[in-house]
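The values are calculated or read from the model by the stated rules, or taken from the named source; none is laboratory data. Nothing here was measured: the structure is a model prediction, and the numbers come from that model. Neighbour counts are summed over all protein chains in view; Cβ atoms, including those assigned to glycine, are modelled from backbone coordinates with ideal geometry. The protein model used for the area step is the full one, side chains on, heavy atoms only, and it has no ligands, DNA or RNA in it. Shrake-Rupley method; radii C 1.70, N 1.55, O 1.52, S 1.80 Å.
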Amino acid sequence: LESSRSRPEGAYDVFLSFRGEDTRKTFTDHLYAALVQAGIHTFRDDDELPRGEEISHHLLRAIQESKISIVVFSKGYASSRWCLNELVEILKCKRKKTGQIVLPIFYDIDPSDVRKQTGSFVEAFDKHEERFEEKLVKEWRKALEEAGNLSGWNLNDMPNGHEAKFIKGIIEDVLNKLDPKYLYVPEHLVGMDRLARKIFYFLNTATDDVRIVGIHGMPGIGKTTIAEVVFNQLCNGFEGSCFLSNINETSKQFNGLALLQKQLLHDILKQDVANINCVDRGKVLIKERLRRKRVL
């Protein structure tokens, strides 16, 4: 079974898009350094590089192969035809590829200015409408409207505009979004495909019903490995997923089942949950928090 999680070797975790004249040597440089320091493979689109009329194949490929595109919106962003064309390509890629994330950062600018092309964007678009055809300008406006409606980070929400804390929060958010769902499974396992495929298709054809698969057999014959292979194939198709291992051992610890319930909620919701001190309380929390989600 070919893994749906595979990306080309050398692909970037993050594609960083910004208006160089505004933030290249300040905020974006600090953000880029923090991303690299955190071990996040980042492509920095540098405005100092010579540019032609069209986005290069190399740049387009970097956008397509990145898991996340971070777009730094600043006051002068809309004045750059290159930035606007790049944003259009980023959003096209987001619509085409499931799981690709666009994270807008509003640096010293209000999201409504991006969404409605007001404030510092007015003058930029007045000039664009004089120089470029109407169809292209409409495409830019539509892209800005879409990006302005995305959930992102606004420096104005940070008390005293504290950039260091702002960047720290962004890094934590990016790491959380990049957290791989899949499990390590050795390659070239003999006989796995046939066994895993049956379970994969049984679960993958589910619609709104709940499906449970039990794998029964002697210790050491590969039950857990089969489950891991299937989990890796399916996890990206769900809103949330969790793989709980060593349940027998953990459940024998003090409050062990409640700890497993807490881990399940944390892994699926990607946020801290209240301590669960009672298994019956955990059952209620799981039912309430997950009943409207499609989870594995």
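Looking at segment 212-234, which of its residues are touching a residue at least 40 places away in the same chain (Cβ under 8 Å), over 14 Å from V295 (Cα atoms) and open to solvent by less than 30 Å² (accessible area, probe 1.4 Å)?
Narrowing segment 212-234 to residues touching a residue at least 40 places away in the same chain (Cβ under 8 Å): 225, 228-229, 231-234.
Now narrow it down to the ones that are over 14 Å from V295 (Cα atoms): 225, 228-229.
Answer for segment 212-234, where residues must be touching a residue at least 40 places away in the same chain (Cβ under 8 Å), over 14 Å from V295 (Cα atoms) and open to solvent by less than 30 Å² (accessible area, probe 1.4 Å): just V229.
Restricting attention to helices (runs of 4 or more DSSP H) lying wholly within segment 190-296, give those where 2 or more residues are in contact with a strand residue (DSSP E or B) (Cβ under 9 Å, 6 or more places away or on another chain) and either farther than 25 Å from V174 by Cβ or modelled with pLDDT under 90 (or both). Give the derivation first.
On the way: elements: 192-204, 223-234, 247-251, 256-269, 279-290.
The qualifying helices (runs of 4 or more DSSP H) are 256-269.
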| message | Suppose we filter segment 108-121 for residues that are in contact with an Asp or Glu (Cβ under 9 Å, 6 or more places away or on another chain), assigned to a helix (DSSP H, G or I) and surrounded by fewer than 19 Cβ atoms within 10 Å (Cβ to Cβ); how many remain? | response | 2
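Identify, please: which residue in segment 245-262 is under 27 Å from D193 (Cβ atoms) and out of contact with any Ser or Thr (no Cβ under 8 Å at 6 or more places or on another chain) and is, among those, surrounded by the most Cβ atoms within 10 Å (Cβ to Cβ)?
By that ranking, first place goes to I247.
If I filter segment 178-199 down to residues being hydrophobic (A, V, I, L, M, F, W, C) and surrounded by 11 or more Cβ atoms within 10 Å (Cβ to Cβ), which single residue comes out as farthest from A227 (Cα to Cα)?
Of all residues in segment 178-199, those hydrophobic (A, V, I, L, M, F, W, C) come to 178, 183, 185, 189-190, 192, 195-196, 199.
Restricting the remaining residues to those that are surrounded by 11 or more Cβ atoms within 10 Å (Cβ to Cβ) gives 178, 183, 185, 189, 192, 195-196, 199.
Numbers: L178: 23, L183: 10, V185: 10, L189: 13, M192: 10, L195: 10, A196: 8, I199: 9 Å.
Out of the qualifying residues, it is L178.
Open to solvent by less than 20 Å² (accessible area, probe 1.4 Å), in a helix (DSSP H, G or I), more than 22 Å from L178 (Cα to Cα) and touching a residue at least 24 places away in the same chain (Cβ under 8 Å): is that true of A147 in this structure?
Numbers: open to solvent by less than 20 Å² (accessible area, probe 1.4 Å): yes; in a helix (DSSP H, G or I): yes; more than 22 Å from L178 (Cα to Cα): no; touching a residue at least 24 places away in the same chain (Cβ under 8 Å): yes.
So A147 does not fit the description; no.
Return yes when Q271 is free of Cβ contacts under 8 Å to residues at least 40 places away in the same chain, more than 29 Å from I101 (Cα to Cα) and loosely packed, with under 13 Cβ neighbours inside 10 Å and no when it is not. Let's see the steps before the verdict.
Details: free of Cβ contacts under 8 Å to residues at least 40 places away in the same chain: yes; more than 29 Å from I101 (Cα to Cα): no; loosely packed, with under 13 Cβ neighbours inside 10 Å: yes.
No.
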